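A.B. asks: Next up is a structure, given as C-alpha cells.
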Amino acid sequence: MGYPSPMNDLQTLMQRYSRRFLAVGILLISLLAAVALAGQADSSVSMWSAKYSLSSGEKVKESDLEVVRVSLKKQAPQYFSSKALLVGSYFTKAISQGELIPVSAITKLAPGTFSKEVPVGIAKSDLPSGSKVGDLVDLYSIPSNDPNAKSSLVISRVTISAIDLNSQNMGGSINVLFRIDSKAVLSITDAIASGRIVVIKNAF
C-alpha cells in the first residue's frame, strides 16, 4: 500500500483553501479602497460656488451662492471658502453656474468706482502671517525720518490684489499689490517716501 506524497498533500491543501485565500484577498482590497476613499473625503473643504450664472458688476446676494465640498489641495487659497462673507460685495467678472468663486472675482468697490492697483514693498515683519489675495486690510505709516513722529493710518479697508510669492521666498521685503481708490494714491506714495508701510489685517 502506497503513501500519499507530501506534494499531493500540499496540492490538496491549496485546493481546499484557495477559495478562502481569494475571499480574504478581495476583502483586503475592498478595505484598502474604502480607506483611500475616506482619505480623499477627509481632504475636501467647503467652498462657495455660483448657484446661477452671474454677471460682472452684479452685487452678491445670499441666493447667488451655495456651498459645495471639493478637494482643492494647493489651489484652495485661490477660491473663497464658505466661511468668507461675500454678500454685499461685487463680481469683477462673469461666473458660470456651478463654478467656484475665485478670490480675484470679488471686490468691495461698487461698479463705476475708479480704483487703481498700487505696488508696495512690505517688510516681512510688517505683513500679517497668512495674508492672501482678497484680504481686506488697513495700511499704517511709520515715519523713519522723524524719530518723534507717531504712526498714522494712511488708508483703511483696501484689498490685496496680488502677492509676489517669489519675493516672499527670497526674504526681505515682499511686493504686495493693493487695489485702492484713485484719490488715495498720493497718500500712499507720500507714506512710502516718509517711512515704511505696516499692514493691519481686518478680522472680517
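A.B. asks: Under the rule of at least 5 residues apart or a separate chain, name every residue whose amide H is placed under 5 Å from the amide H of ILE122.
C.D. replies: ILE174, ASN175, VAL176
A.B. asks: Sticking with this structure for a sec: Amide H neighbours of ILE106 under 5 Å, counting only residues 5+ apart in sequence or on other chains, H built in-plane at 1.01 Å?
C.D. replies: THR92
A.B. asks: Return the FRET efficiency for the residue pair ASP164, TYR52: r is the Cβ-Cβ distance, R0 is 41 Å, and the value is rounded to the nearest 0.05.
C.D. replies: The formula returns an efficiency of 0.70 here.
A.B. asks: To make sure I understand the rule: partners must be lysines, Cα under 21 Å from the Cα of LYS132, and not fewer than 8 residues away in the same chain. Which ones qualify?
C.D. replies: Reachable lysines: LYS73, LYS74, LYS83, LYS93, LYS108, LYS116, LYS124, LYS201.
A.B. asks: Rounded to whole Hz and in sequence order, give me ³J(HN,Hα) for the stretch 128-135 from the Karplus expression 6.51 cos²θ - 1.76 cosθ + 1.60, θ = phi - 60°, writing x for Gly and Pro.
C.D. replies: x, 4, x, 4, 8, 4, x, 5
A.B. asks: By the gyration tensor of its Cα atoms, with a ≥ b ≥ c the square roots of the eigenvalues, what is the shape of the stretch 115-201: rounded for a/c under 1.5, prolate for a/b over b/c, or oblate?
C.D. replies: In terms of gyration-tensor shape, oblate.
A.B. asks: Still on this structure, please answer the following. Quick one: which residues, 5+ away or cross-chain, put their amide H under 5 Å from the amide H of ASP135? H built at 1.01 Å from N.
C.D. replies: ILE160
A.B. asks: Further, regarding this structure: If I model a spin label as a point 7 Å beyond the Cα along the Cα-Cβ vector, how far apart are those points for LYS183 and SER63 in nm?
C.D. replies: A separation of 3.4 nm, rounded to one decimal place.
A.B. asks: Same structure again: Apply the Karplus parameterisation 6.51 cos²θ - 1.76 cosθ + 1.60, with θ equal to phi minus 60°, to every residue of the stretch 51-66 and state each ³J(HN,Hα) to the nearest whole Hz, in sequence, with x for glycine and proline.
C.D. replies: Calculated HN-Hα couplings, in order: 6, 9, 6, 10, 9, 5, x, 6, 6, 6, 10, 4, 6, 7, 10, 9 Hz.
Bear in mind these aren't lab numbers, they're just calculated from the coordinates by the rules spelled out. What you see is a predicted model; the values in this text were computed from it and never measured. Glycine gets a Cβ as well: all are built from the backbone with ideal geometry, and neighbour counts include every protein chain shown.
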